[in-house]
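Trainee: Handing you this structure, nothing more for now.
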Amino acid sequence: MQNNVLEFLEHTAAQWPDKLAFDDGTTTVSFAGLQSKAQSIGSYLAATLAVHNRPVAVICERSTPTVVAFMGVLYSGNFYVPVDAAMPKPRMEKLMQQLKPAAVICQNGLPFTQEDFPGVPLLCTEELEQTPIDPALLAARRRKTLDVDPAYIIFTSGSTGTPKGIVVSHRSVIDFTDWFVETFGFTHRDSFGNQAPFYFDLSMKDLYSMLKCGASVHVIPRKCLSFPMLLISFLDEHHITVLSWATAAFHMVANSGIFKKHAPRFIRTVVVGGEALQAKQLNLWRRALPQTQFVNLYGPTEVTVDCCYYIIDRDFEDTEVIPIGTACENMEVLLIDEQGQPAQQGQPGEICVRGTGLAQGYYGDWEKTNGVFVQNPLNPYYPDRMYRTGDLAVEGEDGLLRFLARKDNQIKHGGYRIELGEVEAAVNSVQGIEAAVCLFDRLRDKIVCVYQGSPSSQDLAVALRELLPKYMVPNLYRQLAAMPHNANGKIDRVALKKAYDEEA
(Lines give C-alpha, C1' and ligand atoms only; values in the text may rest on other atoms or scores of the structure.)
Protein backbone atom coordinates (compact mmCIF):
# COMPACT_ATOMS: atom_id res chain seq x y z
CA MET A 1 0.00 0.00 0.00
CA GLN A 2 1.37 3.39 -0.98
CA ASN A 3 1.47 6.06 1.72
CA ASN A 4 3.42 8.87 0.06
CA VAL A 5 3.15 10.35 -3.45
CA LEU A 6 6.96 10.17 -3.71
CA GLU A 7 6.56 6.41 -4.14
CA PHE A 8 5.18 7.14 -7.60
CA LEU A 9 8.41 8.91 -8.53
CA GLU A 10 10.68 6.31 -6.95
CA HIS A 11 8.96 3.38 -8.64
CA THR A 12 9.04 5.07 -12.05
CA ALA A 13 12.65 6.25 -11.69
CA ALA A 14 13.67 2.66 -10.93
CA GLN A 15 11.88 1.37 -14.05
CA TRP A 16 12.76 4.13 -16.55
CA PRO A 17 15.61 6.17 -15.03
CA ASP A 18 16.72 7.84 -18.27
CA LYS A 19 13.28 8.45 -19.77
CA LEU A 20 12.16 12.05 -20.27
CA ALA A 21 9.90 13.14 -17.43
CA PHE A 22 9.37 16.85 -18.02
CA ASP A 23 10.19 19.31 -20.79
CA ASP A 24 9.42 23.02 -20.37
CA GLY A 25 10.82 24.00 -23.76
CA THR A 26 14.08 25.25 -22.25
CA THR A 27 15.14 22.61 -19.75
CA THR A 28 14.34 18.92 -19.40
CA VAL A 29 14.74 16.33 -16.68
CA SER A 30 14.68 12.52 -16.64
CA PHE A 31 12.95 10.56 -13.91
CA ALA A 32 16.28 9.66 -12.27
CA GLY A 33 17.39 13.28 -12.53
CA LEU A 34 14.12 14.49 -11.02
CA GLN A 35 14.49 12.11 -8.09
CA SER A 36 18.13 13.01 -7.46
CA LYS A 37 17.61 16.78 -7.63
CA ALA A 38 14.51 16.56 -5.43
CA GLN A 39 16.38 14.53 -2.83
CA SER A 40 19.10 17.17 -2.76
CA ILE A 41 16.54 19.89 -2.14
CA GLY A 42 14.81 17.74 0.47
CA SER A 43 18.11 17.14 2.27
CA TYR A 44 18.82 20.87 2.48
CA LEU A 45 15.34 21.76 3.71
CA ALA A 46 15.22 18.95 6.27
CA ALA A 47 18.61 19.94 7.68
CA THR A 48 18.13 23.71 7.81
CA LEU A 49 14.43 24.32 8.47
CA ALA A 50 13.99 21.72 11.22
CA VAL A 51 10.22 21.70 10.67
CA HIS A 52 7.80 18.98 9.61
CA ASN A 53 4.36 19.23 7.98
CA ARG A 54 4.76 22.95 7.37
CA PRO A 55 4.00 24.84 4.16
CA VAL A 56 6.83 25.81 1.82
CA ALA A 57 5.84 28.29 -0.87
CA VAL A 58 7.17 27.66 -4.38
CA ILE A 59 7.10 30.68 -6.69
CA CYS A 60 6.10 28.78 -9.77
CA GLU A 61 6.11 28.85 -13.50
CA ARG A 62 5.34 25.91 -15.76
CA SER A 63 8.98 24.93 -15.58
CA THR A 64 11.30 22.05 -14.77
CA PRO A 65 12.79 23.78 -11.68
CA THR A 66 9.26 24.19 -10.29
CA VAL A 67 8.51 20.46 -10.58
CA VAL A 68 11.86 19.64 -8.94
CA ALA A 69 11.09 22.06 -6.09
CA PHE A 70 7.65 20.51 -5.50
CA MET A 71 9.18 17.06 -5.06
CA GLY A 72 12.04 18.43 -2.98
CA VAL A 73 9.64 19.95 -0.48
CA LEU A 74 7.88 16.60 -0.15
CA TYR A 75 11.17 14.81 0.48
CA SER A 76 11.79 17.20 3.39
CA GLY A 77 8.58 16.02 5.08
CA ASN A 78 6.76 19.28 4.38
CA PHE A 79 4.14 20.28 1.81
CA TYR A 80 4.39 22.67 -1.10
CA VAL A 81 2.23 25.64 -2.04
CA PRO A 82 2.33 26.79 -5.69
CA VAL A 83 2.34 30.60 -5.90
CA ASP A 84 1.88 32.32 -9.24
CA ALA A 85 5.07 34.16 -10.18
CA ALA A 86 2.95 36.83 -11.91
CA MET A 87 0.66 37.41 -8.93
CA PRO A 88 0.25 41.12 -8.05
CA LYS A 89 2.54 42.03 -5.17
CA PRO A 90 -0.22 43.13 -2.73
CA ARG A 91 -2.07 39.85 -3.24
CA MET A 92 1.13 37.84 -2.78
CA GLU A 93 1.87 39.68 0.46
CA LYS A 94 -1.61 38.91 1.73
CA LEU A 95 -1.25 35.25 0.79
CA MET A 96 2.12 34.99 2.56
CA GLN A 97 0.68 36.59 5.70
CA GLN A 98 -2.07 34.01 5.70
CA LEU A 99 0.24 31.09 4.91
CA LYS A 100 3.27 31.94 7.08
CA PRO A 101 5.50 29.55 5.11
CA ALA A 102 8.64 27.98 6.55
CA ALA A 103 10.50 29.08 3.41
CA VAL A 104 10.00 30.41 -0.11
CA ILE A 105 11.67 28.67 -3.05
CA CYS A 106 12.25 30.51 -6.30
CA GLN A 107 14.11 29.62 -9.49
CA ASN A 108 16.80 31.73 -11.13
CA GLY A 109 15.62 34.58 -13.32
CA LEU A 110 12.46 35.51 -11.42
CA PRO A 111 12.36 39.08 -10.05
CA PHE A 112 12.24 38.37 -6.32
CA THR A 113 14.65 39.22 -3.50
CA GLN A 114 14.82 38.48 0.21
CA GLU A 115 13.28 41.90 0.86
CA ASP A 116 10.04 40.67 -0.73
CA PHE A 117 9.64 38.04 2.01
CA PRO A 118 10.63 39.55 5.36
CA GLY A 119 11.32 36.99 8.06
CA VAL A 120 11.06 34.04 5.66
CA PRO A 121 14.14 32.51 3.99
CA LEU A 122 14.17 32.89 0.20
CA LEU A 123 15.95 29.93 -1.40
CA CYS A 124 17.07 29.28 -4.97
CA THR A 125 16.08 25.99 -6.61
CA GLU A 126 19.22 25.68 -8.70
CA GLU A 127 21.48 26.24 -5.66
CA LEU A 128 19.55 23.76 -3.50
CA GLU A 129 19.99 21.10 -6.20
CA GLN A 130 23.75 21.08 -5.43
CA THR A 131 23.22 19.87 -1.84
CA PRO A 132 24.68 16.41 -1.06
CA ILE A 133 21.88 13.89 -0.49
CA ASP A 134 21.46 12.70 3.12
CA PRO A 135 19.66 9.32 2.84
CA ALA A 136 19.36 8.83 6.61
CA LEU A 137 17.77 12.23 7.15
CA LEU A 138 15.34 11.73 4.27
CA ALA A 139 14.38 8.29 5.59
CA ALA A 140 13.71 9.75 9.04
CA ARG A 141 11.45 12.40 7.52
CA ARG A 142 9.62 9.79 5.45
CA ARG A 143 8.88 7.69 8.54
CA LYS A 144 7.22 10.67 10.22
CA THR A 145 4.96 11.48 7.25
CA LEU A 146 1.53 9.84 7.20
CA ASP A 147 -0.74 9.40 4.21
CA VAL A 148 -3.26 11.79 5.79
CA ASP A 149 -0.64 14.55 6.01
CA PRO A 150 -0.74 17.36 3.43
CA ALA A 151 1.00 17.01 0.07
CA TYR A 152 0.12 20.48 -1.19
CA ILE A 153 -2.11 23.52 -0.78
CA ILE A 154 -3.85 25.10 -3.76
CA PHE A 155 -5.10 28.64 -3.29
CA THR A 156 -8.29 29.33 -5.18
CA SER A 157 -10.47 32.39 -5.42
CA GLY A 158 -13.62 30.30 -5.68
CA SER A 159 -16.84 31.81 -6.98
CA THR A 160 -16.79 34.65 -4.42
CA GLY A 161 -13.31 35.91 -5.25
CA THR A 162 -12.03 35.28 -1.70
CA PRO A 163 -8.75 33.27 -1.65
CA LYS A 164 -8.86 29.96 0.18
CA GLY A 165 -5.93 27.62 0.82
CA ILE A 166 -7.20 24.09 0.18
CA VAL A 167 -5.17 21.42 1.99
CA VAL A 168 -4.88 18.14 0.04
CA SER A 169 -3.36 14.99 1.57
CA HIS A 170 -1.07 12.33 0.14
CA ARG A 171 -3.86 9.77 0.40
CA SER A 172 -6.24 11.91 -1.63
CA VAL A 173 -3.66 12.43 -4.39
CA ILE A 174 -2.70 8.74 -4.45
CA ASP A 175 -6.30 7.52 -4.71
CA PHE A 176 -7.22 10.02 -7.42
CA THR A 177 -4.09 9.36 -9.46
CA ASP A 178 -4.50 5.58 -9.27
CA TRP A 179 -8.08 5.90 -10.52
CA PHE A 180 -7.25 8.46 -13.21
CA VAL A 181 -4.35 6.53 -14.74
CA GLU A 182 -6.04 3.12 -14.59
CA THR A 183 -9.45 4.30 -15.84
CA PHE A 184 -8.04 5.92 -18.97
CA GLY A 185 -5.17 3.50 -19.54
CA PHE A 186 -2.25 5.93 -19.45
CA THR A 187 1.21 4.36 -19.75
CA HIS A 188 4.89 5.27 -20.12
CA ARG A 189 4.26 5.54 -23.86
CA ASP A 190 2.00 8.58 -23.42
CA SER A 191 2.96 12.22 -23.69
CA PHE A 192 0.85 14.88 -21.98
CA GLY A 193 0.50 18.38 -23.43
CA ASN A 194 0.41 20.64 -20.35
CA GLN A 195 -1.86 23.69 -20.65
CA ALA A 196 -2.82 24.43 -17.04
CA PRO A 197 -0.62 26.57 -14.74
CA PHE A 198 0.78 24.83 -11.68
CA TYR A 199 -1.21 26.95 -9.23
CA PHE A 200 -4.37 25.51 -10.83
CA ASP A 201 -5.28 22.02 -9.56
CA LEU A 202 -5.99 20.80 -13.09
CA SER A 203 -2.21 20.57 -13.59
CA MET A 204 -1.99 17.91 -10.89
CA LYS A 205 -3.38 15.40 -13.41
CA ASP A 206 -0.42 16.02 -15.70
CA LEU A 207 2.22 15.91 -12.97
CA TYR A 208 1.03 12.93 -10.97
CA SER A 209 0.11 10.86 -14.03
CA MET A 210 3.68 11.48 -15.19
CA LEU A 211 5.05 10.29 -11.84
CA LYS A 212 2.83 7.21 -11.59
CA CYS A 213 3.05 5.71 -15.06
CA GLY A 214 6.21 7.20 -16.54
CA ALA A 215 4.50 9.38 -19.13
CA SER A 216 6.30 12.49 -20.38
CA VAL A 217 4.93 16.01 -19.93
CA HIS A 218 5.61 18.76 -22.46
CA VAL A 219 4.68 22.34 -21.60
CA ILE A 220 2.63 23.93 -24.37
CA PRO A 221 3.89 27.51 -24.91
CA ARG A 222 1.24 30.14 -24.20
CA LYS A 223 1.55 31.59 -27.70
CA CYS A 224 0.32 28.29 -29.15
CA LEU A 225 -3.16 28.88 -27.76
CA SER A 226 -3.23 32.28 -29.48
CA PHE A 227 -1.94 30.85 -32.77
CA PRO A 228 -3.66 27.49 -33.33
CA MET A 229 -1.43 26.52 -36.26
CA LEU A 230 1.51 26.65 -33.86
CA LEU A 231 -0.47 24.53 -31.41
CA ILE A 232 -1.11 21.78 -33.95
CA SER A 233 2.55 21.80 -34.99
CA PHE A 234 3.64 21.57 -31.36
CA LEU A 235 1.30 18.67 -30.58
CA ASP A 236 2.48 16.74 -33.63
CA GLU A 237 6.18 17.52 -33.17
CA HIS A 238 6.11 16.17 -29.61
CA HIS A 239 3.77 13.27 -30.39
CA ILE A 240 1.31 14.43 -27.73
CA THR A 241 -1.23 11.70 -26.99
CA VAL A 242 -3.11 13.16 -24.00
CA LEU A 243 -4.64 16.58 -23.37
CA SER A 244 -5.92 17.30 -19.87
CA TRP A 245 -7.12 20.85 -20.31
CA ALA A 246 -9.30 23.55 -18.83
CA THR A 247 -12.65 23.63 -20.63
CA ALA A 248 -12.13 27.28 -21.55
CA ALA A 249 -8.96 26.41 -23.52
CA PHE A 250 -10.76 23.50 -25.18
CA HIS A 251 -13.57 25.83 -26.28
CA MET A 252 -11.09 28.47 -27.45
CA VAL A 253 -9.32 26.10 -29.83
CA ALA A 254 -12.63 24.83 -31.20
CA ASN A 255 -13.80 28.41 -31.81
CA SER A 256 -10.58 29.30 -33.66
CA GLY A 257 -11.66 27.40 -36.78
CA ILE A 258 -8.34 25.51 -36.98
CA PHE A 259 -10.10 22.17 -37.42
CA LYS A 260 -11.37 23.24 -40.84
CA LYS A 261 -7.77 22.96 -42.02
CA HIS A 262 -5.74 20.84 -39.62
CA ALA A 263 -6.11 18.40 -36.73
CA PRO A 264 -3.43 16.90 -34.47
CA ARG A 265 -2.29 13.43 -35.49
CA PHE A 266 -1.54 11.54 -32.28
CA ILE A 267 -4.16 12.59 -29.69
CA ARG A 268 -5.93 9.56 -28.24
CA THR A 269 -7.50 11.01 -25.08
CA VAL A 270 -8.83 14.49 -24.29
CA VAL A 271 -9.96 15.21 -20.73
CA VAL A 272 -11.56 18.56 -19.86
CA GLY A 273 -12.86 20.17 -16.68
CA GLY A 274 -13.26 23.43 -14.81
CA GLU A 275 -16.41 24.79 -16.47
CA ALA A 276 -19.51 23.48 -18.17
CA LEU A 277 -18.56 21.71 -21.41
CA GLN A 278 -20.55 23.02 -24.38
CA ALA A 279 -21.80 20.49 -26.93
CA LYS A 280 -21.18 22.78 -29.89
CA GLN A 281 -17.44 23.02 -29.25
CA LEU A 282 -17.23 19.34 -28.27
CA ASN A 283 -18.75 18.39 -31.61
CA LEU A 284 -16.11 20.37 -33.50
CA TRP A 285 -13.36 18.43 -31.72
CA ARG A 286 -15.09 15.08 -32.21
CA ARG A 287 -15.54 15.63 -35.93
CA ALA A 288 -11.87 16.55 -36.25
CA LEU A 289 -10.67 13.62 -34.10
CA PRO A 290 -13.23 10.82 -34.58
CA GLN A 291 -10.99 8.11 -33.04
CA THR A 292 -10.16 10.11 -29.91
CA GLN A 293 -11.69 9.44 -26.49
CA PHE A 294 -13.25 12.55 -24.91
CA VAL A 295 -14.01 12.80 -21.20
CA ASN A 296 -15.93 15.44 -19.25
CA LEU A 297 -14.80 15.78 -15.63
CA TYR A 298 -16.34 17.69 -12.76
CA GLY A 299 -14.99 18.59 -9.37
CA PRO A 300 -13.85 21.52 -7.24
CA THR A 301 -10.35 21.66 -5.76
CA GLU A 302 -11.83 20.65 -2.40
CA VAL A 303 -12.38 17.08 -3.67
CA THR A 304 -8.85 16.66 -5.12
CA VAL A 305 -9.39 17.78 -8.68
CA ASP A 306 -12.46 15.74 -9.70
CA CYS A 307 -15.26 13.61 -8.28
CA CYS A 308 -17.40 12.92 -11.39
CA TYR A 309 -16.59 11.76 -14.89
CA TYR A 310 -18.37 11.02 -18.13
CA ILE A 311 -16.77 9.30 -21.08
CA ILE A 312 -18.44 10.77 -24.18
CA ASP A 313 -20.03 7.72 -25.73
CA ARG A 314 -22.71 9.13 -28.01
CA ASP A 315 -23.54 12.05 -30.28
CA PHE A 316 -25.01 15.24 -28.85
CA GLU A 317 -26.99 18.00 -30.46
CA ASP A 318 -25.40 21.44 -30.14
CA THR A 319 -28.13 22.48 -27.69
CA GLU A 320 -27.83 19.44 -25.37
CA VAL A 321 -26.28 19.54 -21.91
CA ILE A 322 -23.24 17.27 -21.58
CA PRO A 323 -23.49 15.08 -18.45
CA ILE A 324 -20.87 15.20 -15.73
CA GLY A 325 -21.63 11.51 -15.31
CA THR A 326 -21.07 9.39 -12.24
CA ALA A 327 -18.76 9.35 -9.23
CA CYS A 328 -15.06 8.55 -9.46
CA GLU A 329 -13.82 5.48 -7.59
CA ASN A 330 -13.96 5.64 -3.79
CA MET A 331 -16.09 8.78 -3.99
CA GLU A 332 -19.82 9.21 -3.49
CA VAL A 333 -21.75 12.11 -4.97
CA LEU A 334 -25.02 12.98 -3.28
CA LEU A 335 -27.68 15.42 -4.46
CA ILE A 336 -29.22 17.02 -1.38
CA ASP A 337 -32.35 19.17 -1.52
CA GLU A 338 -33.11 22.24 0.61
CA GLN A 339 -34.65 20.05 3.31
CA GLY A 340 -31.43 18.04 3.67
CA GLN A 341 -32.93 15.00 1.95
CA PRO A 342 -31.87 13.16 -1.22
CA ALA A 343 -33.19 15.00 -4.28
CA GLN A 344 -35.61 12.96 -6.36
CA GLN A 345 -34.63 11.96 -9.87
CA GLY A 346 -35.25 14.88 -12.19
CA GLN A 347 -35.20 17.40 -9.33
CA PRO A 348 -32.24 19.72 -8.65
CA GLY A 349 -30.06 19.19 -5.61
CA GLU A 350 -26.80 20.49 -4.24
CA ILE A 351 -23.79 18.35 -5.17
CA CYS A 352 -22.32 16.97 -1.94
CA VAL A 353 -19.27 14.72 -1.96
CA ARG A 354 -17.82 12.19 0.45
CA GLY A 355 -14.83 9.87 0.10
CA THR A 356 -11.03 9.83 0.21
CA GLY A 357 -10.76 12.74 -2.21
CA LEU A 358 -12.02 15.27 0.33
CA ALA A 359 -9.49 17.92 1.22
CA GLN A 360 -8.52 18.40 4.86
CA GLY A 361 -10.09 21.85 4.81
CA TYR A 362 -9.00 25.48 4.37
CA TYR A 363 -5.60 26.37 5.79
CA GLY A 364 -5.95 28.49 8.91
CA ASP A 365 -9.67 29.13 8.39
CA TRP A 366 -11.83 27.00 10.64
CA GLU A 367 -14.96 29.04 10.02
CA LYS A 368 -14.94 28.46 6.26
CA THR A 369 -13.89 24.85 6.74
CA ASN A 370 -16.72 24.07 9.15
CA GLY A 371 -19.19 25.89 6.91
CA VAL A 372 -18.81 23.51 3.96
CA PHE A 373 -17.07 20.37 5.29
CA VAL A 374 -20.01 19.09 7.29
CA GLN A 375 -21.60 15.97 8.74
CA ASN A 376 -23.53 13.93 6.19
CA PRO A 377 -27.17 14.76 7.04
CA LEU A 378 -28.22 11.29 5.88
CA ASN A 379 -26.04 9.60 8.51
CA PRO A 380 -26.72 10.56 12.17
CA TYR A 381 -24.83 7.58 13.63
CA TYR A 382 -21.11 8.36 13.42
CA PRO A 383 -18.80 11.08 12.02
CA ASP A 384 -19.21 11.05 8.25
CA ARG A 385 -17.73 14.15 6.63
CA MET A 386 -18.91 15.50 3.28
CA TYR A 387 -18.21 18.62 1.24
CA ARG A 388 -21.03 20.91 0.14
CA THR A 389 -19.95 22.23 -3.25
CA GLY A 390 -22.58 24.94 -3.67
CA ASP A 391 -23.21 23.55 -7.17
CA LEU A 392 -26.57 22.29 -8.35
CA ALA A 393 -27.11 19.22 -10.52
CA VAL A 394 -29.90 16.90 -11.54
CA GLU A 395 -29.95 13.14 -12.10
CA GLY A 396 -31.47 12.11 -15.42
CA GLU A 397 -33.42 8.98 -16.25
CA ASP A 398 -30.15 7.52 -17.57
CA GLY A 399 -28.66 7.77 -14.06
CA LEU A 400 -26.15 10.41 -15.14
CA LEU A 401 -25.69 13.71 -13.36
CA ARG A 402 -25.98 16.99 -15.25
CA PHE A 403 -24.57 20.21 -13.87
CA LEU A 404 -27.08 23.06 -13.63
CA ALA A 405 -25.45 26.08 -12.00
CA ARG A 406 -23.96 27.47 -8.85
CA LYS A 407 -26.46 27.41 -6.03
CA ASP A 408 -26.07 31.16 -5.76
CA ASN A 409 -26.66 31.35 -9.52
CA GLN A 410 -30.31 30.38 -9.04
CA ILE A 411 -32.64 33.33 -9.40
CA LYS A 412 -36.32 34.14 -9.22
CA HIS A 413 -37.36 36.26 -12.18
CA GLY A 414 -40.89 37.16 -13.20
CA GLY A 415 -42.21 34.73 -10.62
CA TYR A 416 -40.19 31.83 -12.04
CA ARG A 417 -37.24 30.06 -10.44
CA ILE A 418 -34.49 30.00 -13.06
CA GLU A 419 -31.02 28.44 -13.23
CA LEU A 420 -28.77 30.90 -15.02
CA GLY A 421 -26.61 27.96 -16.10
CA GLU A 422 -29.49 26.72 -18.24
CA VAL A 423 -29.75 30.11 -19.92
CA GLU A 424 -25.98 30.14 -20.49
CA ALA A 425 -26.14 26.69 -22.10
CA ALA A 426 -28.73 27.97 -24.57
CA VAL A 427 -26.67 31.07 -25.38
CA ASN A 428 -23.53 29.00 -25.93
CA SER A 429 -25.39 26.75 -28.38
CA VAL A 430 -26.13 29.64 -30.76
CA GLN A 431 -24.02 29.72 -33.92
CA GLY A 432 -21.20 32.24 -33.65
CA ILE A 433 -21.16 32.46 -29.84
CA GLU A 434 -17.71 31.74 -28.42
CA ALA A 435 -18.39 32.28 -24.71
CA ALA A 436 -21.21 33.62 -22.58
CA VAL A 437 -22.08 34.44 -18.98
CA CYS A 438 -25.48 35.41 -17.62
CA LEU A 439 -25.84 37.74 -14.66
CA PHE A 440 -28.92 38.83 -12.74
CA ASP A 441 -29.65 42.47 -11.95
CA ARG A 442 -31.85 42.02 -8.89
CA LEU A 443 -32.66 45.72 -8.51
CA ARG A 444 -33.96 45.99 -12.06
CA ASP A 445 -35.18 42.35 -12.19
CA LYS A 446 -33.34 41.73 -15.47
CA ILE A 447 -31.28 38.85 -16.83
CA VAL A 448 -28.08 40.19 -18.41
CA CYS A 449 -26.22 38.23 -21.07
CA VAL A 450 -22.53 39.07 -21.53
CA TYR A 451 -21.06 37.30 -24.53
CA GLN A 452 -18.17 37.00 -26.94
CA GLY A 453 -19.01 36.18 -30.53
CA SER A 454 -20.23 37.47 -33.86
CA PRO A 455 -24.07 37.70 -33.52
CA SER A 456 -25.58 41.08 -32.79
CA SER A 457 -27.59 41.36 -29.60
CA GLN A 458 -30.77 41.54 -31.68
CA ASP A 459 -29.93 38.38 -33.62
CA LEU A 460 -28.96 36.60 -30.42
CA ALA A 461 -32.25 37.53 -28.76
CA VAL A 462 -34.17 36.20 -31.78
CA ALA A 463 -32.23 32.91 -31.64
CA LEU A 464 -32.83 32.51 -27.91
CA ARG A 465 -36.57 32.95 -28.28
CA GLU A 466 -36.45 29.74 -30.31
CA LEU A 467 -34.59 27.91 -27.55
CA LEU A 468 -35.97 29.22 -24.25
CA PRO A 469 -39.32 30.04 -22.67
CA LYS A 470 -40.04 33.74 -22.85
CA TYR A 471 -39.42 34.25 -19.13
CA MET A 472 -35.87 32.86 -19.47
CA VAL A 473 -34.73 34.99 -22.41
CA PRO A 474 -32.20 37.63 -21.28
CA ASN A 475 -33.42 41.22 -21.11
CA LEU A 476 -30.08 42.95 -21.67
CA TYR A 477 -27.04 42.07 -23.79
CA ARG A 478 -23.40 43.14 -23.56
CA GLN A 479 -21.06 42.09 -26.40
CA LEU A 480 -17.33 41.91 -25.56
CA ALA A 481 -14.33 41.48 -27.83
CA ALA A 482 -12.91 39.02 -25.31
CA MET A 483 -14.02 37.59 -21.98
CA PRO A 484 -11.88 38.30 -18.92
CA HIS A 485 -10.36 35.22 -17.28
CA ASN A 486 -9.15 34.77 -13.72
CA ALA A 487 -5.88 33.17 -12.64
CA ASN A 488 -7.38 29.68 -12.85
CA GLY A 489 -8.29 30.10 -16.50
CA LYS A 490 -12.02 30.39 -15.84
CA ILE A 491 -14.22 33.24 -17.05
CA ASP A 492 -13.98 35.94 -14.37
CA ARG A 493 -17.60 36.33 -13.31
CA VAL A 494 -16.67 38.66 -10.46
CA ALA A 495 -15.00 41.09 -12.90
CA LEU A 496 -17.96 40.91 -15.29
CA LYS A 497 -20.42 41.63 -12.49
CA LYS A 498 -18.31 44.53 -11.22
CA ALA A 499 -18.05 46.03 -14.73
CA TYR A 500 -21.80 45.71 -15.22
CA ASP A 501 -22.60 47.28 -11.85
CA GLU A 502 -20.31 50.24 -12.61
CA GLU A 503 -21.91 50.71 -16.03
CA ALA A 504 -25.44 50.38 -14.69
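Trainee: Please work out how much accessible surface Ser40 shows to a 1.4 Å probe, ignoring ligands, DNA and RNA, in Å² rounded to 10.
Mentor: We get 10 Å² for Ser40.
Trainee: Moving to a separate point now. Find the relative contact order for the chain and round it to a whole percent, using C-alpha pairs within less than 8 Å whose residues are 6+ positions apart.
Mentor: 10 percent
Trainee: Still on this structure, I have one more. Could you sort out which of Lys407/Lys470; Lys368/Lys470; Lys19/Lys164 sit more than 28 Å apart by Cα distance in this structure?
Mentor: Lys368/Lys470; Lys19/Lys164, as the Cα separations exceed 28 Å there.
Trainee: Let me ask another. Counting only heavy atoms of protein chains, what accessible area per residue, in Å², does region 141-243 have with a probe of 1.4 Å?
Mentor: 32 Å²
Trainee: List the equivalent ellipsoid semi-axes of region 226-270 in whole Å, largest first, each obtained as the square root of 5λ for an eigenvalue λ of the Cα gyration tensor.
Mentor: Square roots of five times the eigenvalues give 15, 14, 9 Å.
Trainee: Something else now. For the chain, give the share of DSSP beta bridges that are antiparallel, in percent and rounded to the nearest 5; count only bridges with both residues there.
Mentor: 60 percent
Trainee: Where the accessible area of the chain is counted over protein heavy atoms with a 1.4 Å probe, how much of it, in %, is carbon and sulfur?
Mentor: Answer for the chain: carbon and sulfur cover 51 percent of the accessible area.
Trainee: Just want the answer: with Cβ charges of +1 for Lys and Arg and -1 for Asp and Glu, which residue in Val167, Ala86, Cys124 is farthest toward the dipole's positive end in region 73-189?
Mentor: Going by the Cα projections, it comes out as Val167.
Trainee: Specify whether the C-alpha gyration tensor of region 385-501 places it in the rounded, prolate or oblate class, a ≥ b ≥ c being the square roots of the eigenvalues: rounded for a/c under 1.5, otherwise prolate if a/b is larger than b/c and oblate if not.
Mentor: rounded
Trainee: Helix-only estimate, please: 222 nm mean residue ellipticity of the chain, summing -39500 (n - 2.57) across DSSP H runs of length 4 or more and dividing by its residues, to the nearest 500.
Mentor: Calculated at 222 nm, the ellipticity per residue is -9500 deg cm²/dmol.
Trainee: If you take the square roots of the eigenvalues of the alpha-carbon gyration tensor of region 20-155 and sort them as a ≥ b ≥ c, do you get rounded (a/c under 1.5), prolate (a/b over b/c) or oblate?
Mentor: Note, shape of region 20-155 comes out oblate.
Trainee: Which aspartates and glutamates have a Cα less than 17 Å from the Cα of Lys205, not counting those fewer than 8 places away in the same chain?
Mentor: Candidates past the 8-residue exclusion: Glu7, Asp23, Asp24, Glu61, Asp175, Asp178, Glu182, Asp190, Glu275, Glu302, Asp306, Glu329.
Trainee: Once ligands and nucleic acids are excluded and a 1.4 Å probe is used, how much of Phe8 is accessible, expressed in Å² to the nearest 10?
Mentor: Ignoring ligands and nucleic acids, Phe8 comes out at about 10 Å².
The values are calculated or read from the model by the stated rules, or taken from the named source; none is laboratory data. Computed from a predicted model, the values in this text were never measured in an experiment. We place every Cβ from the backbone using ideal geometry, glycine too, and count neighbours over all the protein chains shown. Ligands, DNA and RNA are excluded from the accessible area calculation, which covers all protein heavy atoms including side chains. Shrake-Rupley method; radii C 1.70, N 1.55, O 1.52, S 1.80 Å.
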